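A.B. asks: This structure is in C-alpha cells; I'll ask about it shortly.
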Amino acid sequence: MVTSLPLVRLPNKLARRLFLQRHGLSDSARGTAPADLVRRIGFVQVDSITTVERAHHMILWSRDQSYRPEALKAPLEQDRHLWEHWTHDAAILPMETYPYWKHRFERDAARLHGSWQRWFRDGYEAQFDRILNHIAAHGPVTSADVSTDEPRGSGGWWDWHPSKTALEWLWRTGQLAITRREGFQKVYDLTERVIPAPLLQAEVSADAKANWACTSALDHLGFGSVAEIAAFWDALPREAARAWAQAALARGEIVEIAVEGADGAQRPAFARPDILARAEEAPPPPTRLRVLSPFDPALRDRARAEFLFGFHYRIEVFVPEPKRRWGYYVFPVLEGDRLVGRLDAKAHRNEGTLRVRAFWPEAGVQLTKARTAKLMAELDRLARFSSCNRVEFLPDWQRDFLTPKP
C-alpha cells in the first residue's frame, strides 16, 4: 500500500454484497447465455470430478438454475465464444482474452522448461515436430492418437508417456489449442484452427497486458490487495501488480480503502473511487440456499473467503480418508450473503438417486424448519441437474458442526 491511512471503510455487509454481485451470485442470471456468464465471472475452472457434476458445469448452474451441461458445447466448441487454457488451473475463458495469453505462452515456455524436465520422463521434446506435423496432416488428436510404442507408466499426473507430455507442452505454450473434449479427454488441434483469426493475429504490448490484467481483476473482485489482483488471472508477478497499483493510484483511477472482515478486522485494499456507491447499488443476494462447487470462483481464494465470510474451507480430495474432517468432496452452501453449511452428497445416476450423506450447518447456524425447507428445495434442484429423479438421505444425515464425518 502507498499510505497507511485508508480514506474509505467498506463494511463487511457491503463488501460481501459487492463481491457476490461481481461473481454472479446476487441478481438473477436465469436464462443468461453461458458465454455471458463466463464473461461476468471472468473464468470457470475445469475439473474432472463428477461426484455430482463437473466443476465448470456446477459453477454455471449455481448462477442459472436453468443451465444444463449440453448448453456449453456450442459456445465452446462451435461458435468459439469461449476457449480453454490455464489461469491458476485449467479454465474456460472468454475468447476475447486470447491476445493477452500470448505473453503467458512465452512465460510458460521459459518457466516450465526446467520443472517439466525434472517431473516427466525424457523424450517429450523430441515429439514436438512429429505431433505438429501429424495434426497438420490428419486433424485433431487425443493423446491416444499420437502415442506410438512408448512404455506406459501408471498414467498418473507425474507419469505421462512422452507424447502426452508433448501435447500438454504444446498446448500450454500456445502451439496447440483444445478444440473439444470427448468425455473429459482433451482433443487438440492447431491453434489457428481453433482461435478466430482476428484474435490470433492481435498483438498486445506488455504494458497493455499488465494494465488489462490488473484492471479487469479489480473489476471482477470489486476490491483487492496487490496479491489478490495478481492472483486473479495468475498472469503477471506480484511486483508488476504493485507497480500498476501505484501508477493507477497516482492517476486517481483507484483509491485505498479498508475492508471489514467477518470478524470485524480491517484489511487494506484497492478499489475504484466510487466503491461505496457501487457496493450500495449491488442488489442483496436471494435468501434461498445454493449449493456451490468447491472450485467456485467466489471461493477460489480460500483466504479471501475466510476473511469476508468467516468460512474456513479446504477440499479434502487429496487428504487420506482417516484424516478428513468432512469428506472426500464436500459442497459449500450459500444462503443470502452467508456461507451456512457443507453438504456431502453424491449422484448415483444409474439409480436415479442423489444420495445425501451429511449436511453440517456452520457454527451458530440452526437447521430451522424454514431453512430445512430451503435445503430440500435446493436438493431437489440439484438432483434434477445431476440427472437424478429423487433425493435419498442416509441415517443421521443432519450433523452438528462439531460432529465428525459419518
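A.B. asks: Taking the alpha-carbon centroid of each part, what is the distance from segment 157-205 to segment 47-106 in angstrom?
C.D. replies: Here the answer is 14 Å between Cα centres.
A.B. asks: A follow-up question, please. Using unit Cβ charges (K, R positive; D, E negative) and no other charged atoms, how large, in debye to the nearest 20, is the dipole of the chain about its Cα centre? Numbers along the way, then the final one.
C.D. replies: On the way: 57 positive and 52 negative charges, 224 e Å.
Approximately 1080 debye in magnitude.
A.B. asks: If contacts are Cα pairs under 8 angstrom and at least 6 residues apart, what is the relative contact order of segment 203-347 in percent?
C.D. replies: On the way: 180 pairs, mean separation 24.3, N = 145.
Averaging sequence separation for qualifying contacts and normalising by length gives 17 percent for segment 203-347.
A.B. asks: Put +1 on the Cβ of every Lys and Arg and -1 on every Asp and Glu Cβ in the chain; which of Ser225, Phe105, Trp244 then has its Cα farthest towards the positive end of the dipole?
C.D. replies: Ser225
A.B. asks: Same structure, new question: Residue separation times 0.36 nm, minus the C-alpha to C-alpha distance between Asp129 and Glu70: what's the value? If you can, show how the numbers build up before the last one.
C.D. replies: On the way: separation 59, 0.36 × 59 = 21.24 nm, distance 3.47 nm.
Residue separation times 0.36 nm, minus the Cα-Cα distance, leaves 17.8 nm.
A.B. asks: In nm, to one decimal, how far is the Ala208 label point from the Leu367 one, both placed 7 Å along Cα→Cβ?
C.D. replies: In this crude label model, Ala208 to Leu367 measures out at 5.5 nm.
A.B. asks: Compute the FRET efficiency between Ala109 and Ala377 as 1/(1 + (r/R0)^6), taking r as their Cβ-Cβ distance and R0 = 45 Å, and round to the nearest 0.05.
C.D. replies: On the way: r = 49 Å, r/R0 = 1.10.
Efficiency, from the Cβ-Cβ distance: 0.35.
A.B. asks: Hey, if you put +1 on the Cβ of every Lys and Arg and -1 on every Asp and Glu Cβ in the chain, which of Gln45, Leu379, Trp83 ends up farthest toward the positive end of that dipole?
C.D. replies: Leu379
A.B. asks: Another question, if that's okay. So how strong a dipole does segment 324-394 carry about its Cα centre when Lys and Arg Cβ are +1 and Asp and Glu Cβ are -1, to the nearest 20 debye? Walk me through the intermediate numbers first.
C.D. replies: Values: 14 positive and 8 negative charges, 28 e Å.
Dipole of segment 324-394, to the nearest 20 debye: 140 debye.
A.B. asks: Among Leu199, Leu308, Val146, whose Cα sits farthest toward the positive end of the charge dipole of the chain (+1 at Cβ of Lys/Arg, -1 at Cβ of Asp/Glu, about the Cα centre)?
C.D. replies: The residue sitting most towards the positive pole is Leu308.
A.B. asks: Roughly to the nearest percent, how much of the accessible area of segment 254-405 is carbon and sulfur, given a 1.4 Å probe? Each step should come with its number before you reach the end.
C.D. replies: Working: 3590 of 6890 Å².
Ligands and nucleic acids excluded, carbon and sulfur reach 52 percent.
A.B. asks: Convert each backbone phi in segment 332-339 into a coupling constant with the Karplus relation 6.51 cos²θ - 1.76 cosθ + 1.60 (shift: θ = phi - 60°), then list the ³J(HN,Hα) values in order as whole Hz, x for Gly and Pro.
C.D. replies: Values, residue by residue: x, 10, 9, 10, x, 9, 10, 8 Hz.
A.B. asks: Counting alpha carbon pairs within less than 8 Å and at least 6 residues apart, what relative contact order, in whole percent, applies to the chain? Please list the in-between numbers first.
C.D. replies: Values: 659 pairs, mean separation 72.3, N = 406.
The value is 18 percent.
A.B. asks: Also: Give the range of the longest stretch in the chain that excludes all trypsin sites (Lys or Arg not before Pro) found in loop regions by DSSP and having at most 16 other beta-carbon atoms within 10 Å. Can you show the working numbers first?
C.D. replies: Numbers: sites that count: Arg30, Arg121, Arg152, Arg251, Arg288, Arg314, Arg324, Arg325, Arg349.
Formally, the longest exposed-site-free interval is 153-250.
A.B. asks: Now for a separate question. Modelling each spin label as a point 7 Å along the Cα-to-Cβ direction, I'd like the Glu281/Gln78 distance in nm, to one decimal.
C.D. replies: Simple spin-label model gives 3.7 nm for this pair.
A.B. asks: Another question, if that's okay. Once you've got the GNM for the chain with C-alpha springs shorter than 10 Å, pick whichever of Asn12, Asn350, Asn211 has the biggest mean-square fluctuation.
C.D. replies: Comparing Asn12, Asn350, Asn211 in the GNM, the peak value goes to Asn350.
A.B. asks: With both bridge residues required to lie in segment 263-406, what share of the DSSP beta bridges run antiparallel, to the nearest 5%? Mind showing how you got there, number by number?
C.D. replies: Values: 16 of 21 bridges.
Roughly 75 percent of the beta bridges in segment 263-406 run antiparallel, per DSSP.
A.B. asks: Once you list every other residue whose beta carbon is under 12 Å from the beta carbon of Gly364, what net charge do they have if Lys and Arg are +1 and Asp and Glu are -1? The partial results should precede the final answer.
C.D. replies: Details: positive: Arg338; negative: Glu362, Asp400.
Residues near Gly364 contribute -1 overall.
A.B. asks: Arg30 label point, 7 Å along Cα→Cβ, cut-off 12 Å on backbone N: hits in segment 63-77?
C.D. replies: Residues passing the 12 Å test: 64-67.
A.B. asks: What list of ³J(HN,Hα) couplings, whole Hz, do you get for segment 88-101 from phi and the Karplus terms 6.51, -1.76, 1.60, once you set θ to phi - 60° and write x for glycine and proline?
C.D. replies: Ordered by residue, 3J(HN,Hα) equals 7, 7, 4, 8, 9, 10, x, 4, 5, 7, 3, x, 6, 7 Hz.
A.B. asks: If you don't mind, there's one more thing I want to ask. What stretch of the chain, leaving out the sites themselves, is the longest with no chymotrypsin sites (Phe, Trp or Tyr not before Pro) in a DSSP loop having at most 13 other Cβ atoms within 10 Å?
C.D. replies: Working: sites that count: Trp157, Trp158, Phe184, Phe318, Phe401.
Between the exposed loop sites, the longest stretch runs 1-156.
A.B. asks: Using 0.36 nm per residue of separation minus the Cα-Cα distance, give me the extension gain between Arg288 and Ala136 in nm, one decimal.
C.D. replies: Values: separation 152, 0.36 × 152 = 54.72 nm, distance 5.09 nm.
Here the answer is 49.6 nm.
A.B. asks: Quick one: which of Lys102/Lys186; Lys13/Lys73; Lys102/Lys323 span more than 31 angstrom between C-alpha atoms?
C.D. replies: Values: Lys102/Lys186 21 Å; Lys13/Lys73 37 Å; Lys102/Lys323 42 Å.
From Lys102/Lys186; Lys13/Lys73; Lys102/Lys323, over 31 Å: Lys13/Lys73; Lys102/Lys323.
A.B. asks: Using the Karplus curve 6.51 cos²θ - 1.76 cosθ + 1.60 with θ = phi - 60°, what ³J(HN,Hα) values do you get for each residue of segment 308-317, in whole Hz, with x for Gly and Pro?
C.D. replies: Result, rounded to whole Hz: 6, 10, x, 10, 8, 9, 9, 6, 10, 4.
A.B. asks: Could you check what % of the DSSP bridge pairs in the chain are antiparallel, to the nearest 5?
C.D. replies: Numbers: 37 of 45 bridges.
Rounded to the nearest five, the antiparallel share is 80 percent.
The values are calculated or read from the model by the stated rules, or taken from the named source; none is laboratory data. Just so it is clear, the model here is predicted, and its values are computed rather than measured. FYI the Cβ positions are ideal-geometry reconstructions off the backbone, even for glycines, and counts take in every protein chain you see. Surface accessibility is based on the protein's heavy atoms, side chains included, excluding ligands, DNA and RNA. Shrake-Rupley method; radii C 1.70, N 1.55, O 1.52, S 1.80 Å.
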